[in-house]
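Asks: Pasting a structure here, questions to come.
The values are calculated or read from the model by the stated rules, or taken from the named source; none is laboratory data. Remember, predicted model here, so these are calculated numbers, not experimental data. FYI the Cβ positions are ideal-geometry reconstructions off the backbone, even for glycines, and counts take in every protein chain you see. The accessibility values were calculated without ligands, DNA or RNA, using every heavy atom of the protein model including side chains. Shrake-Rupley method; radii C 1.70, N 1.55, O 1.52, S 1.80 Å.
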Amino acid sequence: MSNAPAEATNVEETPVEEIDLGPANHVIDKYLTLPGNLMPVLQGIQDEYGYVPKPTIDLVAERLNVYPSQIFGVLTFYAQFHLKPRGRYIIRVCVGTACHVQGAPRIVETFFDKLGISHAETSPDLRYTFEKVACLGACGMAPLAMVNDDTFGKMTVQKVEEIIAEYNQRPMK
């Protein structure tokens, strides 16, 4: 054994996310007395922020008297919840069987190339989030893509370029 002092380890701390908790408190106040209020509180917080920020998890835990680990369990179990900021425009491309045989892989790759992001990633400017999905329920329109609630059927590489050009012109808010 050496008497030399232990080397200091360079541990980077995760920066604490600074957000306004006013909207989260408002959501919690709205559902505070409702039995089984955790789900509507988390859904309301996500509606306000576009995702569920870490500071709101701590706030919800304190105000609803539940452990943060229970909240994380709910947030990670249900696909509807997101723990990272998402884009203003959520692009979903169906990769189900009907869409796959009609060329969905090429559509996916074109979006990847044009946006510079992959599956489940968000562009640095928070304009786009891209997701491959198993089915969008409109097989007769294969291959299919959606941007938020707008549906685009019979997708082609040219349509991908047109969609991106259109949404690049739209406002961020």
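Asks: Within segment 47-54, is there a residue that is of a type in the set (Gly, Ala, Ser), under 20 Å from the mean Cα position of the chain (by Cα) and not assigned by the TED database to the domain that holds Asn25? Steps first, please.
Replies: In the first step, residues of segment 47-54 are kept if they are of a type in the set (Gly, Ala, Ser); the result is 50.
Within this subset, residues satisfying the condition of being under 20 Å from the mean Cα position of the chain (by Cα) are 50.
If we keep only those that are not assigned by the TED database to the domain that holds Asn25 too, we end up with none.
Checking segment 47-54: not a single residue is of a type in the set (Gly, Ala, Ser), under 20 Å from the mean Cα position of the chain (by Cα) and not assigned by the TED database to the domain that holds Asn25.
Asks: Of all residues in segment 156-173, how many are outside any helix (DSSP H, G or I), free of Cβ contacts under 8 Å to residues at least 60 places away in the same chain and within 13 Å of Arg127 (Cα to Cα)?
Replies: 1
Asks: Here's a check for you: in segment 105-142, which residue that is in a helix (DSSP H, G or I) and open to solvent by less than 70 Å² (accessible area, probe 1.4 Å) is nearest to Arg86 (Cα to Cα)? Can you show your working first?
Replies: Taking segment 105-142 and keeping what is in a helix (DSSP H, G or I), we get 105-115, 139-141.
Now restrict to residues that are open to solvent by less than 70 Å² (accessible area, probe 1.4 Å): 105, 107-108, 110-112, 115, 140.
On the way: Pro105: 23, Ile107: 21, Val108: 18, Thr110: 20, Phe111: 17, Phe112: 16, Leu115: 14, Gly140: 29 Å.
Out of the qualifying residues, it is Leu115.
Asks: Out of the residues in segment 61-83 meeting the condition of being farther than 22 Å from Ala120 by Cα and of a type in the set (Gly, Ala, Ser), tell me which one is surrounded by the fewest Cβ atoms within 10 Å (Cβ to Cβ).
Replies: Ser69
Asks: Now for a different question. Of all the residues that make up segment 66-100, how many are in a loop (DSSP other than H, G, I, E, B), over 15 Å from Ala134 (Cα atoms) and hydrophobic (A, V, I, L, M, F, W, C)?
Replies: Qualifying residue count for the region: 3.
Asks: Gln102 - would you say it is among the polar types (S, T, N, Q) and surrounded by fewer than 16 Cβ atoms within 10 Å (Cβ to Cβ)?
Replies: Numbers: among the polar types (S, T, N, Q): yes; surrounded by fewer than 16 Cβ atoms within 10 Å (Cβ to Cβ): no.
It is false that Gln102 is among the polar types (S, T, N, Q) and surrounded by fewer than 16 Cβ atoms within 10 Å (Cβ to Cβ).
Asks: Go through the residues of segment 40-60 one by one and say whether even a single one is buried (at least 17 other Cβ atoms within 10 Å of the Cβ), in a strand (DSSP E or B) and in contact with an Asp or Glu (Cβ under 6 Å, 6 or more places away or on another chain).
Replies: No, there is no match, as no residue in segment 40-60 is buried (at least 17 other Cβ atoms within 10 Å of the Cβ), in a strand (DSSP E or B) and in contact with an Asp or Glu (Cβ under 6 Å, 6 or more places away or on another chain).
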